[in-house]
Structure formats: structure tokens, C-alpha cells
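The values are calculated or read from the model by the stated rules, or taken from the named source; none is laboratory data. Here the structure is a predicted model, which is why all the values come from computation and not from measurement. We place every Cβ from the backbone using ideal geometry, glycine too, and count neighbours over all the protein chains shown.
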Amino acid sequence: GAGVSQSPSNKVTEKGKDVELRCDPISGHTALYWYRQSLGQGLEFLIYFQGNSAPDKSGLPSDRFSAERTGGSVSTLTIQRTQQEDSAVYLCASSLRPLLNTGELFFGEGSRLTVL
Amino acid sequence: AQRVTQPEKLLSVFKGAPVELKCNYSYSGSPELFWYVQYSRQRLQLLLRHISRESIKGFTADLNKGETSFHLKKPFAQEEDSAMYYCALRVDYKLSFGAGTTVTVRA
């Protein structure tokens, strides 16, 4: 497709379960970002990938959160032992290069996670 | 550390009235600022960037370094402007976003 694709679009899980969220960026985009969108918190940066490496993981809230990217393309965000405070919309974004002068990130539609 | 503040969570205006969304930032370097918009059931997308000094959909934003502000303005709001608006500051490879302002334009 032409845009950033995320799956699942909605995920309801029980507290303590693990979840995986997937992001398929725009073809050829080397930079990939995960953000978390929650009410009152705005958009929180989680992690940044350049190719397959993650030079900035500073936004991951705890060691229950991890992410990987393979083949310079698809990325997976994994949340282990989910907690209710993990409920949010997880947004993935990509850019051709890491934001050089344009500042334009292309966002997916997000994965809405609800932890019961 | 850099920070973006949007003091208004909700903003309601009547159609045809002016609208201004406030954004303040703190950053020790030379700032690059942006406004992103998310319409209902659509993806978050770039609205405008300060370096372009452009007007998009009637919106403008001026960077005021003295007041460390980048407020978004439109003289005559339209119903289709109802959306969530985020101010963002670019630092190297990363965008730091504010908490967002939900704008409702009423007929």
C-alpha cells in the first residue's frame, strides 16, 4: 500500500497478557518511529529506528516494552505482562530519512490497545 | 530538555469566528516547529511548518522566538476545521509533540 500500515487496529487484552503490534512503513522509508497517544498525555515518543537499529529507545516506559525491526522494513512493538496503564493508541510513523529538513512524518492509523 | 506546551485541551468556536491555538516551546537551540492535524477517523498529518512560512487551509503560524511561541491562527473558522491539533518541535531526528488541542467549530 501507499501508506503506513498498522495491525491490529484494535486489541483488547487481559491484564498480564503479552501483545504484539505491527507496523509496515512506506516502502523505502529508512526511519521508523513509535509513539503512544493517550488522553491528556498527547503523543509520547517511544522509540526510533534507523534501518534495523534503534539508536534511541529513550521513550520506552519500562522493560516490559520492546521493539524490533527487520529487513529495514516491518517493525514489531511488544508489550509484556500488560497493565491497565498501557491502554492507549500506539502510532507508528515513517520518513524517508530521519526528518532532515522537512519535519514530515507519515503516520499509520494506529493500534488501539485496551487492557482490561 | 526540550518541551512543547499547548495550554488549551479544548477549544470551541463558532463558524466564521477567528481561532487561535496556542503553542509554547522551550529549547536551547534554534527551533524548528510544526503543526500536525488529525481529523476524525483520519491519520495524523502535517499541516504546516514554520520554515515554509506558508498558509495551509487558511491557517498560518508565526514563530516568535522572543515569546518562544508558535501559535496557529485562522481568521474565519470552518466546520471542517474541527480536529485535534498538535504542535511539534524538531530536535535532530525526532519530533516532540505537545498534548494537543481539540478544536470544535460550531455552526
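Here A:Cys23 meets each of (1) in contact with a Gly (Cβ under 7 Å, 6 or more places away or on another chain); (2) more than 25 Å from B:Tyr39 (Cα to Cα) with one exception, condition (2). The residue that is surrounded by the most Cβ atoms within 10 Å (Cβ to Cβ), counting only those in the stretch B:12-22 that are farther than 22 Å from A:Glu44 by Cβ and of a type outside the set (D, E, K, R), is B:Val19. The listed residues are B:Val103, B:Val4, and the only one of them that is touching a residue at least 40 places away in the same chain (Cβ under 8 Å) and more than 19 Å from A:Gly103 (Cβ to Cβ) turns out to be B:Val103. Where strands (runs of 3 or more DSSP E) sit wholly within the stretch A:1-108, those with at least 3 residues that are of a type in the set (S, T, N, Q) occupy A:5-7, A:75-79. Of all residues in the stretch B:23-40, those satisfying the criterion of being surrounded by 17 or more Cβ atoms within 10 Å (Cβ to Cβ) and either small (Gly, Ala, Ser) or within 14 Å of the chain's Cα centre (by Cα) (or both) are B:Cys23, B:Asn24, B:Tyr25, B:Glu32, B:Leu33, B:Phe34, B:Trp35, B:Tyr36, B:Val37, B:Gln38. Against the list (1) modelled with pLDDT of 95 or more; (2) more than 9 Å from chain B (Cβ to nearest Cβ), the condition A:Gly71 fails is (1). Checked against the criterion of being of a type outside the set (Gly, Ala, Ser), over 24 Å from A:Phe49 (Cα atoms) and surrounded by 17 or more Cβ atoms within 10 Å (Cβ to Cβ), the candidates B:Lys94, B:Lys74 yield just one match: B:Lys74.
Of B:Leu89, B:Leu63, B:Leu33, B:Leu44, all but one fail to be within 14 Å of another protein chain (Cβ to nearest Cβ), touching a residue at least 24 places away in the same chain (Cβ under 8 Å) and farther than 23 Å from A:Ser58 by Cα; the exception is B:Leu63. For the subset of the stretch B:9-22 comprising residues that are under 14 Å from B:Ala61 (Cα atoms) and assigned to a loop (DSSP other than H, G, I, E, B), which member is nearest to the chain's Cα centre (by Cα)? Restricting to residues being under 14 Å from B:Ala61 (Cα atoms) and assigned to a loop (DSSP other than H, G, I, E, B), the top hit is B:Lys22.
Scanning the stretch B:78-107 for residues that are in contact with a Lys or Arg (Cβ under 6 Å, 6 or more places away or on another chain) and in a loop (DSSP other than H, G, I, E, B) gives a single hit, B:Ala107. Return the residues of the stretch A:62-98 that are surrounded by 21 or more Cβ atoms within 10 Å (Cβ to Cβ), under 18 Å from B:Ser96 (Cα atoms) and aliphatic (A, V, I, L, M); say none if nothing qualifies. Answer for the stretch A:62-98, where residues must be surrounded by 21 or more Cβ atoms within 10 Å (Cβ to Cβ), under 18 Å from B:Ser96 (Cα atoms) and aliphatic (A, V, I, L, M): A:Leu91, A:Ala93.
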